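Below: one structure, written as structure tokens.
The values are calculated or read from the model by the stated rules, or taken from the named source; none is laboratory data. Owing to the predicted nature of the structure, the values given are computational and were not obtained by experimental measurement. Positions of Cβ are backbone-derived with ideal geometry, glycine not excepted, and every protein chain shown enters the neighbour counts.
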Amino acid sequence: MLKGGAAVVVTRGDVEYPEVIHKITERGSPFTSSFEEEHQAMTLAVDWCNEYLAAAQNSLIATDSQSLCKALLGPSVEVHQLKTSLDQCIGNITIQWVPGHADIPGNELADAAAKEATTLEAEPRATTFNGIAPQIRANIKGKPIDHARTAEVYSNFSLSREKTIKTRKDQVMLARIRSGHSLLFREYKHRIGNTIAPHCIRCSDNQPDNLEHWLKCDGTLEARVRIYGFHKIELSDLTKWPRESVALARSTLLRGVEDC
């Protein structure tokens with residue numbers, strides 16, 4: 001979110017036809033989030049209540065930020081100071097969440113004031129890390145993978161799926177298999193040591209025992225169907241199905257091998 005703004009519109013009377021008695025606007029950060037601006041708006045509202053609300057007088061603060069309301073109910077350190085200000089108020093403050101699309105007159109007034117606040121000539125509020133992080137993620141991207149096979153292998157990469165591989169040993173084994181540079185493949189072992197024949201010993205096709213062959217080898221067919229549920233395994237399935245890929249390696253490559 002760019003060019004933030006926070007605003008409070010103080011009203012009284014009928015909620016359908018509110019009478020505006022005060023308006024507070026403050027320019028926000030140039031790089032911000034809706035949560036940060038709603039948080040600042042509520043801080044301004046509570047500050048107004050602390051200054052003008054009489055003892056035992058009631059005030060309702062309405063916000064369309066559900067995430068802010070949830071944060072106030074939880075242990076979030078982001079709203080600690082706001083909670084302290086609420087506790088210090090001698091009046092009675094009720095905070096009410098209202099849906100942003102509900103066409104509530106007071107909410108429409110506050111949205112218009114917040115939009116106005118983004119164009120104020122005042123100095124903008126300092127940017128926080130949380131406010132600028134989405135812009136960083138959107139503008140800084142990793143270099144595209146040049147190696148065609150590696151790009152295909154990692155085309156279905158998902159961090160959440162990778163976390164299902166729990167042990168370091170399995171993570172290392174899978175990474176080496178995906179690269180094709182694993183001593184579990186006879187072709188690679190032959191390349192670096194030239195002590196064994198590079199051909200697959202699981203089938204009779206006399207093919208080089210490498211990553212591509214492993215995924216279509218007749219000798220791994222039964223295990224592929226049993227583990228994946230289908231037999232045609234693509235390179236991209238090594239990241240789409242990481243747990244299954246580890247299981248296939250254990251079933252077909254690790255027999256009699258203690259370390260990859």
Single residue of segment 140-175 satisfying the filter (of a type in the set (Asp, Glu) and within 24 Å of the chain's Cα centre (by Cα)) that is surrounded by the most Cβ atoms within 10 Å (Cβ to Cβ): GLU152
Output for segment 218-240, where each listed residue is out of contact with any helix residue (DSSP H, G or I) (no Cβ under 6 Å at 6 or more places or on another chain) and either surrounded by fewer than 19 Cβ atoms within 10 Å (Cβ to Cβ) or not assigned by TED's automatic domain parsing to the domain that holds ARG178 (or both): ASP218, GLY219, LEU221, GLU222, VAL225, ARG226, GLY229, PHE230, LYS232, GLU234
Check on ALA122, exposed (fewer than 15 other Cβ atoms within 10 Å of the Cβ), outside any helix (DSSP H, G or I) and either touching a residue at least 40 places away in the same chain (Cβ under 8 Å) or touching a strand residue (DSSP E or B) at 6+ places or on another chain (Cβ under 6 Å) (or both): yes
Every residue from segment 199-217 that is loosely packed, with under 15 Cβ neighbours inside 10 Å and either part of a loop (DSSP other than H, G, I, E, B) or modelled with pLDDT under 95 (or both): ILE201, SER204, ASP205, ASN206
